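Below is one structure; the comments refer to it alone.
The values are calculated or read from the model by the stated rules, or taken from the named source; none is laboratory data. Owing to the predicted nature of the structure, the values given are computational and were not obtained by experimental measurement. Here the Cβ positions follow ideal geometry from the backbone for every residue, glycine too, while neighbour counts run over all protein chains shown.
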Amino acid sequence: MAGIADAAPTGQQIADERAIRRRGITLFLLTLTYFFSYMDRQILAILLELIKADLKVSDTQLGLLTGLAFAIFYAGLGIPVARLADRSNRRNIITWSLAIWSAMTAMCGLAQNFAQLLIARIGVGIGEAGSSPPSHSIIADLYPAEKRAGAMGIYALGVVLGSGFGTMIGGWLAHLYGWRIAIIAVGIPGLLLAVVVRLFVVEPRRGLSETKPVSDEARPSLTQGFASLWSNHAARHLVIAVTLTSLIGYALTAWAPSYYQRSFGLTLPQIALILAPILAIVGSISGVVGGKLADRYGKRHGIHAQSWLVAILKTIAFPFALALYIVPNVHVALICYGIALLFQNSYLGPTFALIQGLAPLKLRALWAAITLLVINLIGLGLGPTMIGVLSDLYRPAMGAESLRFALLTMAGVTPWAIWHYWRAGVHLRNAANMPAPAQKAVA
């Protein structure tokens with residue numbers, strides 16, 4: 001009996017213990033990678049006016065650079081990368097992706113015309129396609145359901161911190177040395193981070209955080225993956241909700257520096273010192289606290305409360321988001337921006353945690369990739385592009401304020417997203433109240 005009790009742990013048990021022990025550093029490095037992803041992606045926002053003047057391009061062309069041209073390749077490659085991540089080493093995929101997009105970001109600074117810059121941006125999109133789906137899958141395996149929204153909320157810090165620091169660093173470097181040096185300077189450090197990720201991120205066993213044993217059934221096909229997500233009512237509403245939210249968010253974020261430059265006359269250093277810290281600090285507080293609140297309310301009231309919490313917070317933020325593009329005073333506009341951001345930026349952690357919790361274990365990376373495909377084709381692809389087109393269309397009537405009214409139009413889409421978050425909560429609550437066989441059928 002003593003021999004059995006004192007039996008040495010198996011190799012798998014040792015690996016599992018190591019993965020759990022190092023999940024904090026893994027989450028930190030995945031968040032840092034996501035930070036670089038958004039910094040490299042969003043730095044173009046602070047540089048748009050300089051690029052417009054240097055390369056003689058229209059708002060529509062700028063919208064293509066920040067939106068559709070990047071998103072088509074970023075989103076389109078997400079599915080095959082996710083299929084690869086569902087069957088191979090996710091850490092290595094993230095490492096190579098990080099190295100590729102960092103190198104292509106630096107190449108953007110060498111572009112001499114619109115076509116060259118467009119090709120380099122496509123390269124950034126190709127590289128970044130391999131980051132989020134495997135990262136979501138790793139986090140879901142390292143953190144159990146009751147802690148997953150908080151972990152995803154921390155991971156989502158990469159969005160606001162990357163966007164904020166991209167604006168801050170890009171603004172100052174562009175002011176001092178020009179837009180080309182600014183974009184090269186943020187691309188190169190990612191190559192060093194890729195080495196660190198390869199050395200220190202752990203590759204956990206799939207299903208490590210699950211209390212139920214992982215099935216040995218054959219991996220479902222891509223078609224079955226799409227069908228399984230779409231047939232899940234809660235997941236379908238969550239995907240639509242986060243897509244609409246991203247459509248609005250990508251559009252407003254991409255054009256925010258230009259808005260403050262055109263409508264309020266702020267300089268690049270002023271935007272770097274004022275707008276970027278608000279985005280980084282307030283956005284981070286919103287993301288972390290929102291994820292923690294989602295975990296708490298989900299544990300207390302049921303998982304559906306996480307979706308309803310997002311709907312409530314976005315409803316509070318909505319009037320301030322509209323006021324941002326109506327008020328004529330820059331100080332009032334910045335206050336409205338901070339309040340809106342505080343309440344509306346908490347959606348990513350709970351949303352992706354819910355989707356990962358609903359996904360079959362062997363389809364987690366694929367469900368994440370499908371979600372990101374829709375988000376990025378519609379949100380990232382169309383959002384900034386639509387603002388550029390609307391701004392050009394509004395210019396004959398609105399003149400210099402055409403961008404303001406284009407942004408206000410986009411902000412008005414928010415209630416549609418709120419409705420889908422509410423419906424997702426309804427389906428999650430109904431599924432939780434069903435008997436086990438019926439619940440399985442709905443899922």
Residue match in region 126-143 (condition: within 28 Å of Leu252 (Cβ to Cβ), β-branched (Val, Ile, Thr) and out of contact with any His (no Cβ under 6 Å at 6 or more places or on another chain)): yes
Flag if Tyr297 is over 28 Å from Leu84 (Cβ atoms), in contact with a Leu (Cβ under 7 Å, 6 or more places away or on another chain), surrounded by fewer than 21 Cβ atoms within 10 Å (Cβ to Cβ) and of a type in the set (Ser, Thr, Tyr): yes
Selection from region 318-364 of residues that are surrounded by fewer than 24 Cβ atoms within 10 Å (Cβ to Cβ), among the aliphatic types (A, V, I, L, M) and without any contact (Cβ under 8 Å) to a residue 60 or more places away in the chain: Ala323, Val327, Val332, Ile335, Ile339
Qualifying residue in region 358-366 (condition: part of a helix (DSSP H, G or I), modelled with pLDDT of 90 or more and out of contact with any strand residue (DSSP E or B) (no Cβ under 6 Å at 6 or more places or on another chain)): no
Qualifying residue in region 392-410 (condition: over 28 Å from Tyr74 (Cα atoms), within 20 Å of the chain's Cα centre (by Cα) and touching a residue at least 24 places away in the same chain (Cβ under 8 Å)): no
Subset of region 72-98 (residues that are among the charged types (D, E, K, R) and in a helix (DSSP H, G or I)): Arg83, Arg90, Arg91
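Residue by residue, here is whether (1) at pLDDT 90 or above; (2) crowded, with 24+ Cβ neighbours inside 10 Å; (3) on the phi < 0 side of the Ramachandran plot holds:
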{"residue": "Glu128", "(1), (2), (3)": "no, yes, yes"}
{"residue": "Ala156", "(1), (2), (3)": "no, yes, yes"}
{"residue": "Val160", "(1), (2), (3)": "no, yes, yes"}
{"residue": "Gly166", "(1), (2), (3)": "no, yes, yes"}
{"residue": "Trp172", "(1), (2), (3)": "no, no, yes"}
{"residue": "Leu191", "(1), (2), (3)": "yes, no, yes"}
{"residue": "Val196", "(1), (2), (3)": "yes, no, yes"}
{"residue": "Pro220", "(1), (2), (3)": "no, no, yes"}
{"residue": "Thr223", "(1), (2), (3)": "no, no, yes"}
Residue ranges of helices (runs of 4 or more DSSP H) in region 99-216 with at least 2 members more than 29 Å from Ile46 (Cα to Cα): 132-142, 145-155, 189-200
Residue in region 131-143 that is over 24 Å from Asn89 (Cα atoms) and at pLDDT below 85 present: no
Conditions (1) touching a Phe, Trp or Tyr at 6+ places or on another chain (Cβ under 8 Å); (2) under 30 Å from Gly265 (Cβ atoms); (3) buried (at least 17 other Cβ atoms within 10 Å of the Cβ): number failed by Ser102: (2)
Flag if Thr371 is over 30 Å from Leu142 (Cα atoms) and either surrounded by 24 or more Cβ atoms within 10 Å (Cβ to Cβ) or of a type outside the set (A, V, I, L, M) (or both): no
Some residue of region 280-296 being more than 28 Å from Asp40 (Cα to Cα) and not hydrophobic (A, V, I, L, M, F, W, C): yes
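Results for (1) in contact with a Gly (Cβ under 8 Å, 6 or more places away or on another chain); (2) free of Cβ contacts under 8 Å to residues at least 60 places away in the same chain, shown as yes or no for each residue.
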| residue | (1), (2) |
| --- | --- |
| Ala129 | yes, yes |
| Ser135 | no, no |
| Gly164 | yes, no |
| His175 | no, no |
One residue from Arg90, Arg121 being within 20 Å of Leu193 (Cβ to Cβ), crowded, with 20+ Cβ neighbours inside 10 Å and in contact with a helix residue (DSSP H, G or I) (Cβ under 8 Å, 6 or more places away or on another chain): Arg90
Qualifying position, being within 17 Å of Ile248 (Cβ to Cβ) and at pLDDT below 90, among Ile418, Ile339, Ile378: Ile378
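Residues checked against (1) under 24 Å from Ala145 (Cβ atoms); (2) modelled with pLDDT of 90 or more:
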position	(1), (2)
Glu217	yes, no
Ser228	yes, no
His237	yes, yes
Thr245	yes, yes
Gln270	no, no
Val289	yes, no
Lys292	yes, no
Tyr297	yes, no
